[in-house]
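Inspection log for the structure reproduced underneath, given as structure tokens.
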Amino acid sequence: MVQIQPDRSFGFAVRFETLAMPSRWSLPMGNWTVDASPGTISAKSEKNKLDWTKLEQHLQEIGTLHTSIYRVARDLAPALVLSGYWFFKHPGLMFHGSDWWYIPRISLLEIGMLGAVTLVSRVATGRGRGPKDESLHREMSATFLAAFLCCLAIYPCLLAKLDWQEALRVDAGFFLATSLASLVFLAAACVIGWISIDTIIPRREVLIIGSGRGGQAAYNEMVDSPVYNVVGVLDDSFVGPAHMRDRYLGGLELLDPLLKENPVSVVYCSLPVKSMYEPIQQVIAVCEQFGVEVRHSSHLFHTKIAQLDRRPGKNYSILRMVRDDSTRYVKRAIDILGAGILLILSLPVLIAAGIAIKVVSPGPIFFSQDRYGLHRRRFRMFKLRTMVVNAEGLLAQLEHRNELAGPAFKMRQDPRVTKIGSFLRKTSIDELPQLWNVLVGDMSLVGPRPLSVRDVLKIEDSAQLRRFSVLPGITCIWQMSGRNNTDFANWIRQDLEYIDSWSLFLDMKILIGTVPAVLWGKGAM
């Protein structure tokens, strides 16, 4: 797999005027690289370098400058500044009472001013522009233009209550305050975008199908992007340039095994529709099995005059296997808030359980294991230890006693489980450390349970791997309805039903339904 290192960096350099060194050498140390040459030793971190061009690409890709929240805040900035001036600085302009808390009676003039500056701001900032037109310098230019035009709009209204000198002074202050407020919103969007690079929103692994003109354009756009990591290129007959051949993996028959063995989240298909219709259909069918998003270029025809309408800001069509809209941000906000509160509230329970584990069984308090998460990407999952220290080594001796049909291993009277471990499992207290996995974004409060590497490698039906198209969760439908009182096929069926019918209401229903299942110990192993 090919990985692209982050592009943010800061570093230091130390110069030694009298130091004699025979040659230049470089030593990589994690995210840091130490370079040494005669007279100079320098170190830099590629992780924290801020490239404005790539930041703009990232903002466009995640739609930060195109979101309704940012646009509403920016378009309402003049009205907010004007209201703030009336409210705090000059209440006599807006209120008829002598005190600021007096119930206002807004005149038609004031309503007209608020409506005018809002309308002018919307028009001046170009509400119809797409993300590809939303570069930072254009946003700043639009900000100053909107503030200036709003000043022109309200100046005649100010003259109705103030003399021309006072009105001009208020107008100048309004211009400065409006520009500053809009720039603050823009800076906030940039900070959110910068922080989200490789942290909040991780890079998406992309597999490009086709090495022709469309595939080359997609490769050149994505290979240096802060949003994507090009895993490789598939094509039955490679026709791309030399720099693209380094990531050529083979023919289309490798798509199924590559998706099974790599955490690919996007397949960009650039094959020509007219001559490659059947292969494209096969690519889509394979991706549907795995729940992997498919993209195809919107340039389906060669034209001389007609141009593709890019108002949505995308030059490709998207086939998504899971719901992907603003509600996912609400789900993430609920995860962070819920996990944070539950983790704090459960600290006494965790401390008591840790002491009990230490008293009953020698060894560490916590157990960690590699699990498969979103798009089959591995992460480290944490639990309270409920088994003996060498439990994983003893698993091979107990495989024949598996009570759950399928690749997953479940056993009611597992001899590896300690006395305190049995209680922790029945009450699900051992799952509490996974709240940390939710906070860092590896898991969600609700979602298909993360499977171990052992279990995933035993899955033979590729269609069952579609369960990895969403974040794994601490609880899910089958835990609410009986936890381990089911077989693996029904387990997967319920996971896929959850993915296909997901909603915030369903998540709340599962969270509420999990409480009695845990309290009564229903189906616990």
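Remarks
- Selected residue (criterion: surrounded by the fewest Cβ atoms within 10 Å (Cβ to Cβ)) from residues of segment 291-300 that are under 17 Å from Ala218 (Cα atoms) and not β-branched (Val, Ile, Thr): Leu300
- The one condition in (1) more than 26 Å from Glu261 (Cβ to Cβ); (2) surrounded by fewer than 17 Cβ atoms within 10 Å (Cβ to Cβ); (3) in contact (Cβ under 8 Å) with a residue 40 or more places away in the chain that Lys509 fails to fulfil: (3)
- Candidates are the residues of segment 437-453 that are touching a residue at least 24 places away in the same chain (Cβ under 8 Å) and out of contact with any Asp or Glu (no Cβ under 9 Å at 6 or more places or on another chain); the one that is farthest from Asp335 (Cα to Cα) is Leu451.
- When Gln281 is tested against (1) buried (at least 18 other Cβ atoms within 10 Å of the Cβ); (2) without any contact (Cβ under 8 Å) to a residue 60 or more places away in the chain, only condition (1) is not met.
- Against the numbered list (1) at pLDDT 85 or above; (2) under 22 Å from His375 (Cα atoms); (3) out of contact with any Leu (no Cβ under 7 Å at 6 or more places or on another chain); (4) open to solvent by less than 60 Å² (accessible area, probe 1.4 Å), Glu288 comes up short only at (4).
- Considering only residues in segment 215-230 that are over 19 Å from the mean Cα position of the chain (by Cα) and at pLDDT 85 or above, the one that is most open to solvent (accessible area, probe 1.4 Å) turns out to be Asn220.
- So Phe175, is it modelled with pLDDT of 80 or more, within 33 Å of the chain's Cα centre (by Cα) and assigned to a helix (DSSP H, G or I): no
- Search result, residues across segment 315-332 that are over 19 Å from the mean Cα position of the chain (by Cα) and either at pLDDT below 70 or part of a helix (DSSP H, G or I) (or both): Asn315
- Checking Val170 against (1) at pLDDT 75 or above; (2) in contact with a His (Cβ under 9 Å, 6 or more places away or on another chain); (3) over 23 Å from Asp75 (Cα atoms), the condition it does not meet: (3)
- Considering residues of segment 336-367 that are more than 24 Å from Leu511 (Cα to Cα) and of a type outside the set (A, V, I, L, M, F, W, C) only, the residue surrounded by the most Cβ atoms within 10 Å (Cβ to Cβ): Ser361
- Selection within segment 405-429 - under 34 Å from the mean Cα position of the chain (by Cα) and at negative phi: Pro407, Ala408, Phe409, Lys410, Leu424, Arg425, Lys426, Thr427, Ile429
- In this structure, Phe468 does not qualify as of a type in the set (Phe, Trp, Tyr) and open to solvent by 30 Å² or more (accessible area, probe 1.4 Å).
- Number of the exception - Asp335 against (1) at pLDDT below 90; (2) acidic (Asp, Glu); (3) in contact with a Leu (Cβ under 7 Å, 6 or more places away or on another chain): (1)
- Restricting Val264, Val233 to those that are touching a residue at least 12 places away in the same chain (Cβ under 8 Å), open to solvent by less than 10 Å² (accessible area, probe 1.4 Å), under 20 Å from Ser462 (Cα atoms) and of a type in the set (A, V, I, L, M) reduces the list to Val264.
The values are calculated or read from the model by the stated rules, or taken from the named source; none is laboratory data. All values reported here derive from a predicted model rather than from experimental measurement. Every residue, glycine as well, gets a Cβ built from its backbone with ideal geometry; the counts of neighbours run over all protein chains shown. These accessible areas exclude ligands, DNA and RNA; they are computed on the full protein's heavy atoms, side chains included. Shrake-Rupley method; radii C 1.70, N 1.55, O 1.52, S 1.80 Å.
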